[in-house]
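J.: Submitted below is the structure of interest, expressed as structure tokens.
Bear in mind these aren't lab numbers, they're just calculated from the coordinates by the rules spelled out. In this text, all values refer to a predicted model and were calculated from it rather than measured experimentally. Positions of Cβ are generated from backbone atoms using ideal geometry, with glycine treated the same way; all protein chains shown enter the neighbour counts.
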Amino acid sequence: MDHSHHDHDHAAMLAGEDHSSHHAGMDHSHHHGHGSGSSANTCNMNMLFTWSHENLCIVFPQWRITSTFSLILSLVAIVALAAGYEAIREGVRRYETAVAKRAETVPRQNKDDVKKRAHVVKAVLYGFQNFYAFMIMLIFMTYNGWVMLACSIGAGLGYLIFGGETTIAKETACH
């Protein structure tokens, strides 16, 4: 913000002189963040654990909690997103199993081609899976207790629904 049109007597300020009269006739309504009032349209980004959902933004400023109803809808969506991650993991495992079976049944001269194409697809799936996991991590890092619980409940529910054939141990530390 350009303050060049303001008459700030910096020498008087440094000398400790009273300069309150310098700003008496100025309109400061355009100075966001200078007053003690808070804006209802800003995101409340906590870096400490909290249960408050007032002006809570989840990952994007457009995903802002404005009421108890929007909190509940968001928590349901987060549970579904976290469960969806487990569905993706199961889908990737099934793809790997199908590719391994297919590689066994193709003629020897085509085996390398099948493995190369499968590796490219698996690389794309791996990238998507990691992106998804990092997004869930960012959701968790709102440091809001309700959101953290929703992430954990979704992960557990997803494992219950989709992880029947897998061990509980994780390959990555993300999510």
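J.: 5 Å is the cut-off here: which amide hydrogens, built 1.01 Å from N in the peptide plane, fall below it relative to residue 53, excluding neighbours closer than 5 in sequence?
T.: For residue 53, whose amide H was placed from the backbone, there are no distant partners under 5 Å.
J.: Which one, 139, 124, 151, is farthest towards the positive end of the dipole of segment 60-175 when Lys and Arg carry +1 and Asp and Glu -1 on their Cβ?
T.: Of the options given, the answer is 124.
J.: What ratio of Cα Rg to 2.2 N^0.38 Å holds for segment 68-162?
T.: 1.42
J.: What nm distance separates the two modelled labels at residue 143 and residue 125, each placed 7 Å from Cα along Cα→Cβ?
T.: That separation, rounded to one decimal, is 3.8 nm.
J.: Okay, moving on. Using the basic label-point model (7 angstrom from Cα toward the beta carbon), what is the residue 43 to residue 88 distance in nanometres?
T.: 1.9
J.: Using the Cα centre of segment 68-162 as the reference point, and only Cβ charges (+1 on K/R, -1 on D/E), how large is the resulting charge dipole? Debye, rounded to the nearest 20.
T.: Approximately 500 debye in magnitude.
J.: Hey, can you rank 75-83, 131-139 by average C-beta count inside 10 Å, highest first?
T.: 75-83, 131-139
J.: Efficiency by 1/(1 + (r/R0)^6): what FRET value for residue 105 and residue 134, r their Cβ-Cβ distance, R0 = 35 Å, to the nearest 0.05?
T.: 0.45
J.: Between residue 60 and residue 153, what FRET efficiency follows from the Cβ-Cβ distance if R0 is 22 Å, with the result rounded to 0.05?
T.: 0.50
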